[in-house]
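The values are calculated or read from the model by the stated rules, or taken from the named source; none is laboratory data. What you see is a predicted model, and the numbers here were worked out from it, not measured in a lab. Heads up, the Cβs are rebuilt from the backbone with ideal geometry, glycines too, and the neighbour counts pull from every protein chain shown. Note: areas computed on protein heavy atoms with side chains; ligands, DNA, RNA excluded. Shrake-Rupley method; radii C 1.70, N 1.55, O 1.52, S 1.80 Å.
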Amino acid sequence: MKPYANLHTHSTHSDGGFSPRRLAQAAKEEGYGAIAVTDHDTVTGYPELKAECDKLGLETIFGAEFSSPSTMLAEYTEQAATFHIVGYHFDPEYPPMKQYLEDMSIRETDQTRVLFERGVRLGKIKGISWDEVLEFNKGITWLCNDHLFRAMLHKGVISQEDRGWYFTELFGVHRYEVPPCREFKQEHEIIQLIRDAGGIAILAHPYDQLQYVEPLMEMGLEGIEVWHRGLEKRGQCEQALKLALEKDLYISGGSGACR
């Protein structure tokens, strides 16, 4: 039996491949009754999703996925030492939340611009300007390598086959070489911010992180994803579900789910 809702998706407003409108259509085609777009550190795709869901008779859930580096994950590499906390039903106009969302868009876009300009200096990016990238992605504030690639594909300066090479050569781990102009909040700060904005904080795809659920609960965490392809690959879906039921947590899941 298909779950009623897909509560973890990404659109072209962060690093997803579908526009919010197309995501709503895909959810309808797949037989879902509700969908949430949980873009990374941004909510600019929600109005488009809501408008299309209203046309299609789908329920819409408001959300975003926040990246949160943690000292609890010090045993991991720099890139992996991060919790991903999904906030649902929070008020994006709550001033501290609104400011943080703006800061995160500035952070991601600035790093992308720096890497773009580096690629131009090295002669690896040709035939497109940063202004053209911005124009192609009008209405999107959180710009990552995907937005650059789509603009370049649209202009015809690269082919789809070039995508992997460009990512490895210019982005990927190189993003960590760019000093961020804004800092991520740590897990306790993100959880508190979501709650202060009237929302619910959920731990996303907690594969190899289930041992941290209790300390996160002490910080205000209210749920965990139990159905996600990362958990499925590691055989941890049942373990996550059992933990959620034992701790009386909200249960969530999204694309790539194992149920």
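For the condition more than 30 Å from Gly31 (Cα to Cα) and open to solvent by 20 Å² or more (accessible area, probe 1.4 Å), Asp248 does not qualify.
Table: residues versus (1) touching a strand residue (DSSP E or B) at 6+ places or on another chain (Cβ under 6 Å); (2) open to solvent by 60 Å² or more (accessible area, probe 1.4 Å).
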{"position": "His174", "(1), (2)": "no, no"}
{"position": "Glu177", "(1), (2)": "no, yes"}
{"position": "Ala197", "(1), (2)": "no, no"}
{"position": "Ala201", "(1), (2)": "yes, no"}
{"position": "His205", "(1), (2)": "yes, no"}
{"position": "Gly230", "(1), (2)": "no, no"}
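Being open to solvent by less than 40 Å² (accessible area, probe 1.4 Å) and not in a loop (DSSP other than H, G, I, E, B) holds for only one residue in Glu102, Glu117, Glu108, Glu48, and it is Glu108. Open to solvent by 60 Å² or more (accessible area, probe 1.4 Å), at pLDDT 95 or above and either under 19 Å from the mean Cα position of the chain (by Cα) or not polar (S, T, N, Q) (or both): does that describe Glu183? Answer is yes for this residue.
In this structure, does Ser19 turn out to be among the small types (Gly, Ala, Ser), in contact with a strand residue (DSSP E or B) (Cβ under 7 Å, 6 or more places away or on another chain) and farther than 24 Å from Gly223 by Cβ? Here the answer is yes, as Ser19 does meet what is asked.
For the stretch 73-85, check the following and say yes or no: at least one residue is assigned to a helix (DSSP H, G or I) and under 22 Å from Val173 (Cα atoms). Looking for residues that are assigned to a helix (DSSP H, G or I) and under 22 Å from Val173 (Cα atoms), one finds at least one in the stretch 73-85, hence yes.
From the set of residues in the stretch 134-172 that are modelled with pLDDT under 95 and of a type in the set (Val, Ile, Thr), which is surrounded by the most Cβ atoms within 10 Å (Cβ to Cβ)? Result: Ile158. Of the residues Gly63, Gly123, Gly127, the single one that is under 18 Å from Tyr46 (Cβ atoms) and of a type in the set (Gly, Ala, Ser) is Gly63. Considered as a group, the residues in the stretch 20-39 that are surrounded by fewer than 17 Cβ atoms within 10 Å (Cβ to Cβ) and assigned to a loop (DSSP other than H, G, I, E, B) include one that is nearest to the chain's Cα centre (by Cα), and that residue is Gly33. Within the stretch 120-144, the residues that satisfy the criterion of being under 19 Å from Asp162 (Cα atoms) and part of a loop (DSSP other than H, G, I, E, B) are Leu122, Gly123, Lys124, Ile125, Lys126, Gly127, Ile128, Ser129, Cys144.
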